[in-house]
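Note sheet for the following structure.
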Amino acid sequence: MNYLQRLFVVMAATVVVASGWVLQGEAQEESRTEPQSLSKFKVPEYDDDYNLKSQLFGDFAQFREDGLVEITNLKIEFYRAGIVKMEVSAPSCLYNRDSKEAESESSVRIERENLVVTGTGFTWNPKGQTFHILSNAKVVIKDVSSVKREATND
């Protein structure tokens, strides 16, 4: 995909996401009594070169008056060179639109090619690129020799 095509895709995605946030904001101004919500959504995030970094998916999102979003059936995909390298899923979480941080008390599953981490509760800081599992963490490494090869290649 050339630069103009990537720019168009980024601009189109930005318009879609921004219009959703704008419409949500306008609806809240008109009626403060009903919280706004979305169903079956995804929010992509791109780096400075317009490469897809991550996508956040959810079955349902409830926008709260304090600016936080309650998400049901969260899934986040993380990409490197256009390929999904890690996937995170949780039944529910609280997402901060300003900081893009998330937290949850529910179960969580983090999956990579040869690694699965599960636990209860998490915090996610995208700026520091960290996931913290709060309790009951369990790590399963599927093929230790391939993990060792990948670590030496990075």
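Computed values, structure above
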{"quantity": "Ranked Val69, Val139, criterion: other C-beta atoms within 10 Å, fewest first", "calculated": "Val139, Val69"}
{"quantity": "Percentage relative contact order, the range 43-154, counting C-alpha pairs under 8 Å, at least six apart", "calculated": "15"}
{"quantity": "Cα-Cα over 24 Å, subset of Lys42/Lys100; Lys75/Lys142; Lys100/Lys142; Lys53/Lys100", "calculated": "Lys100/Lys142"}
{"quantity": "Unit charges on C-beta of K, R, D, E only; dipole of the range 36-154, Debye", "calculated": "380"}
{"quantity": "Backbone HN-Hα couplings from phi across the range 74-85 [Karplus 6.51/-1.76/1.60, Hz, Gly and Pro as x]", "calculated": "5, 9, 10, 10, 10, 10, 9, 6, x, 10, 5, 9"}
{"quantity": "Label-to-label distance, nm, for residues given as Phe60 and Thr130 (7 Å Cα→Cβ offset)", "calculated": "3.3"}
{"quantity": "Ranked list, fewest to most other Cβ atoms within 10 Å of each Cβ, for Ile76, Ile133, Ile141", "calculated": "Ile141, Ile133, Ile76"}
{"quantity": "Full-stretch length increase - Lys142, Glu105 - with 0.36 nm per residue and alpha-carbon distance subtracted", "calculated": "10.7 nm"}
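Each value in this text was obtained by applying a stated rule to the coordinates, not by laboratory testing. Keep in mind the model is a prediction, meaning the values are calculated, not measured. Neighbour counts are summed over all protein chains in view; Cβ atoms, including those assigned to glycine, are modelled from backbone coordinates with ideal geometry.
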